[in-house]
Amino acid sequence: MKAVWVSAHGGPNVLEVVDRPRPEPGPGEVRVRVRAAALNHLDLWVRRGVEGHRFPLPLITGCDGAGEVDALGEGVLAIREGQRVAIAPGISCGVCTACCSGRQNLCRFYGIFGETRDGTDAEWICIPEQNALPMPDDMSFVDAAATPLVFLTAWHMLKNRCALQPGETVLVHAAGSGVSMAAIQIARLLGARVFATASRPEKLEKALELGAEMAINYAEKDFTRAVRDVTSKRGVDVVVDHVGAENISKSLRCLAKGGRVVTCGATAGPKLESDLRLIFFKSLSLLGSTMGGLGDMRDVWDLVAAGRMHPVVAEVMPLEEVRRAHELLESRAVFGKVVLET
Ligand SMILES: [Zn+2]
């Protein structure tokens, strides 16, 4: 089968489309003929490498995917052959306290397709049955592949980590990213008011279309000042920030008393410098978040499947153009997801 393969870290040129053996499903697994696979920022880290972290190279990349089930392993109960499914990206041990209480992302053996084991950028993948998310008939493989990782991430951040309440105000940074595209919609669905930041006019426009009531061009106006102005100096209750450390220091200054900043990434740099006095005087919280539980995956999947929210797909291209797909994601020139068809 065709698969995207990384055997050493580096630029987009380390991505190779190679021939790999088609996998056979083990007990409790289903095999998916992948039709679409979506890129995530995690793919960029896997390709580039992360200082002090070892990825199990060589590896087939890709965390998100969707396709048809074409073979069942022994003991599969709920999924049938021919079923169209999306792939939940998280894998865990299934027996520890975290797993048994639905917090699989806190399992010490937690991993993600395309990061800790072979991923979805291939014609076939075998996944545990519980990772197969049945698709509604009217959903495309491209939309299905573009949904799981970013909607799970944003859902867990806002609903669980921040316990977002109806009527609260949320600032979502980098509106064009996949997580932010999902976060804007989830915050609205949970009854919050949303402000978004982006740096290009077309991205600001799209953020408004998704439900933000104000879009701030951070390249033109300091976003802390814009937030102060729009909230009559009060600040916002929640900031969704995966931009990086420097941005987070400013995000903390945007918060109302009792506010929380939640982060799931540090695209632009990891080392945080901030003022603790600000944090305790105003009873602020800085919350970290990675992925989410399988139950949360299904909750947010059902909302997308029911048409209450939708992934924004920026570009679809063939698997063979994976290098260009990485360059496009890295350039931050797109609003929403880049999807590969296999
Ligand atoms: Zn576990």
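What follows draws every value from the coordinates through simple rules; no lab data is involved. Quantities reported herein were computed from a predicted structural model and do not represent experimental measurements. Backbone-built Cβ (ideal geometry, glycine too); neighbour counts: all protein chains shown.
Residue exposure proxy: 180, 92, 274, ordered by other Cβ atoms within 10 angstrom of their Cβ from fewest to most, comes out as 274, 92, 180. Cross-link pairs exceeding 23 Å in C-alpha to C-alpha distance, out of 203/337; 257/337; 250/282; 206/257, comprise 257/337; 206/257. Our note on the geometry: Cα centres of the stretch 313-342 and the stretch 189-205, 22 Å apart. Considering only trypsin sites (Lys or Arg not before Pro) in DSSP loops that have at most 11 other Cβ atoms within 10 Å, the longest stretch of the chain without any of them is 109-232. Taking the square roots of 5 times each eigenvalue of the Cα gyration tensor of the stretch 118-250, largest first, gives ellipsoid semi-axes of 31, 16, 14 Å.
Using only Cα coordinates, the Kirkwood hydrodynamic radius of the chain works out to 20.4 Å. Quick one: in the stretch 24-149, what % of C-alpha pairs are over 20 Å apart? Cα-Cα pairs of the stretch 24-149 separated by over 20 Å account for 43 percent. Restricting the stretch 56-136 to GluC sites (Glu not before Pro) that sit in a DSSP loop and have at most 12 other Cβ atoms within 10 Å of their own Cβ leaves 74, 81. Look at where the Cα atoms of the stretch 1-33 and of the stretch 77-142 average out, and the two centres are 16 Å apart. Potential lengthening of the chain between residue 33 and residue 282 amounts to 84.5 nm, from the contour at 0.36 nm per residue minus the alpha-carbon distance. Restricting the GluC sites (Glu not before Pro) of the stretch 154-255 to loop positions (DSSP other than H, G, I, E, B) with no more than 16 neighbouring Cβ atoms within 10 Å leaves 213, 220. Using R0 = 22 Å, the C-beta based FRET efficiency linking residue 202 and residue 321 works out to 0.45. In the chain, helical runs assigned H by DSSP with n ≥ 4 each contribute -39500 (n - 2.57); averaged across all residues and rounded to the nearest 500, the mean residue ellipticity at 222 nm is -7500 deg cm²/dmol.
Indicate, rounded to the nearest 5 percent, the antiparallel portion of the DSSP beta bridges found entirely in the chain. Beta bridges within the chain, antiparallel portion: roughly 55 percent. Under the criterion of Cα pairs below 8 Å and six or more residues apart, the relative contact order for the chain equals 19 percent.
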